[in-house]
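What follows is a set of notes on a single structure, which appears directly below.
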Amino acid sequence: MEEVEVEKVYTQNYYADHSGKEPRYYQRVAINRTVEAIAKGQDRILLVMATGTGKTYTAFQIIWRLWKARKKKRILFLADRNILVDQTKNNDFAPFGEKMTKIQKRQIDKSYEIYLCLYQAVTGTEEEKNIYKQFSRDFFDLIVVDECHRGSAKEDSAWHEILDYFKSATHVGMTATPKETNDVSNIGYFGDPVYTYSLKQGIEDGFLAPYKVIRPIINVDLDGYTPEEGQLDKYGNEIPQEEFNVKDFDRTLVIDERTELVAKRITQFLKANTRFDKTIVFCVDINHAERMRQYLFEVG
């Protein structure tokens, strides 16, 4: 990029509204380092920021500066949960106004500049469902991948196909927990983070609350569970006579007494400490969460 163009990107202001909201110090560092890297021609960038430190707002300011400087004219923001896309569109990204759209109902309109969508909304197991291919490969200048640890860097994932299709664009991955396994490597795809703002630093700075992890230990978790021969579940179906353990509970086998006991342990802990502290209960899936909610209500 010519020096004049680089300076235009560097000097582009943050978005400022009438509320007086402006990026925190660490968000400024994240924004500036990302914008600088892109201005210098880096096309794969990773930002690691702890949950609750404003990744979406940071993404907005990055996009805003690059878009206003016309360094990046057409941008795609990818997420994997509908609520995240809607919140992003209605809140942090709202200043883009009529220049922005959410891809939904498998409808493509190429007249916008800022696009938000779910991976699932533009991909599918059948070729005709891969509607992202209605865009030319060079349509987007920038793609921001929210929660990029969830699968975008996995070589055989449908999500990765989108990034590969638009490989000429600059890709920015954002996550609180970069994933490094035999199958998935965020660093392998995006490179080393240009900036990391950790959970520990967020707590020390006072932006995040300190926390305590409580994990109830139950005998059945330690010893496993083997049903008696011919034992039936509550629906009258015979339970396979094999040993079940933690990886099976609330997936292939539901033990209501176990869920109730965990709810009691949680309630006892809260009553013994500060009952109204913010509390997160991690569950396997929606059904497990619903059963846990019910038992917490009953034993509370």
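A few points about this structure:
- Residue 55 satisfies every condition listed in (1) more than 18 Å from the chain's Cα centre (by Cα); (2) buried (at least 17 other Cβ atoms within 10 Å of the Cβ) except (1).
- Residue 53 being polar (S, T, N, Q) and closer than 14 Å to residue 145 by Cα: no
- Any pair with Cβ under 6 angstrom, 6 or more apart, that starts in segment 10-27 at a residue that is at pLDDT below 90 and ends at one that is buried (at least 18 other Cβ atoms within 10 Å of the Cβ) and outside any helix (DSSP H, G or I): 12/69
- All positions within segment 201-228 that are surrounded by 10 or more Cβ atoms within 10 Å (Cβ to Cβ), free of Cβ contacts under 8 Å to residues at least 60 places away in the same chain and either of a type in the set (S, T, N, Q) or part of a helix (DSSP H, G or I) (or both): 203, 204, 219, 220, 221, 223, 226
- Out of 250, 285, 256, one residue alone is in contact with a His (Cβ under 7 Å, 6 or more places away or on another chain) and either modelled with pLDDT under 90 or not β-branched (Val, Ile, Thr) (or both). It is 250.
- Scan of segment 229-287 for residues that are touching a helix residue (DSSP H, G or I) at 6+ places or on another chain (Cβ under 9 Å), part of a loop (DSSP other than H, G, I, E, B), without any contact (Cβ under 8 Å) to a residue 24 or more places away in the chain and more than 30 Å from residue 208 (Cα to Cα), ordered by number: 234
- Matching entry among 8, 40, 72 (being out of contact with any helix residue (DSSP H, G or I) (no Cβ under 8 Å at 6 or more places or on another chain) and of a type in the set (D, E, K, R)): 8
- Hits in segment 274-300 - residues which are surrounded by 10 or more Cβ atoms within 10 Å (Cβ to Cβ), closer than 17 Å to residue 247 by Cα and of a type outside the set (A, V, I, L, M, F, W, C): 287, 288
- Among the residues of segment 238-255, those that are closer than 16 Å to residue 219 by Cβ and surrounded by fewer than 15 Cβ atoms within 10 Å (Cβ to Cβ) comprise 243, 245, 246.
- Of everything in segment 244-300 that is small (Gly, Ala, Ser) and within 27 Å of residue 51 (Cα to Cα), the residue that is nearest to the chain's Cα centre (by Cα) is 289.
- Being over 17 Å from the mean Cα position of the chain (by Cα), under 27 Å from residue 108 (Cβ atoms) and not hydroxyl-bearing (Ser, Thr, Tyr) is not true of residue 21.
- Of the residues making up segment 179-187, not a single one is of a type in the set (A, V, I, L, M) and modelled with pLDDT of 90 or more.
For (1) under 20 Å from residue 69 (Cα atoms); (2) surrounded by 12 or more Cβ atoms within 10 Å (Cβ to Cβ), each residue gets a yes or a no:
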{"position": "96", "(1), (2)": "yes, yes"}
{"position": "99", "(1), (2)": "yes, yes"}
{"position": "105", "(1), (2)": "no, no"}
{"position": "108", "(1), (2)": "no, yes"}
{"position": "111", "(1), (2)": "yes, no"}
{"position": "120", "(1), (2)": "no, yes"}
{"position": "128", "(1), (2)": "no, no"}
{"position": "141", "(1), (2)": "yes, yes"}
{"position": "146", "(1), (2)": "no, yes"}
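- Residue 197 touching a Phe, Trp or Tyr at 6+ places or on another chain (Cβ under 9 Å) and of a type in the set (Ser, Thr, Tyr): yes
- Only one of 110, 167 that is over 22 Å from the mean Cα position of the chain (by Cα) and modelled with pLDDT of 90 or more: 110
- Only one of 69, 121 that is in contact (Cβ under 8 Å) with a residue 60 or more places away in the chain, assigned by TED's automatic domain parsing to the domain that holds residue 13, small (Gly, Ala, Ser) and more than 26 Å from residue 280 (Cα to Cα): 69
- Some residue of segment 76-84 being more than 23 Å from residue 167 (Cα to Cα), without any contact (Cβ under 8 Å) to a residue 24 or more places away in the chain, surrounded by fewer than 18 Cβ atoms within 10 Å (Cβ to Cβ) and over 21 Å from the mean Cα position of the chain (by Cα): no
- Selection over segment 36-49 of residues that are surrounded by fewer than 21 Cβ atoms within 10 Å (Cβ to Cβ) and either at negative phi or in a helix (DSSP H, G or I) (or both) gives a count of 7.
The values are calculated or read from the model by the stated rules, or taken from the named source; none is laboratory data. What you are looking at is a predicted structure, and each value in this text was computed from that prediction instead of being measured. Cβ coordinates were reconstructed from backbone atoms using ideal geometry, including for glycine residues, and neighbour counts include every protein chain displayed.
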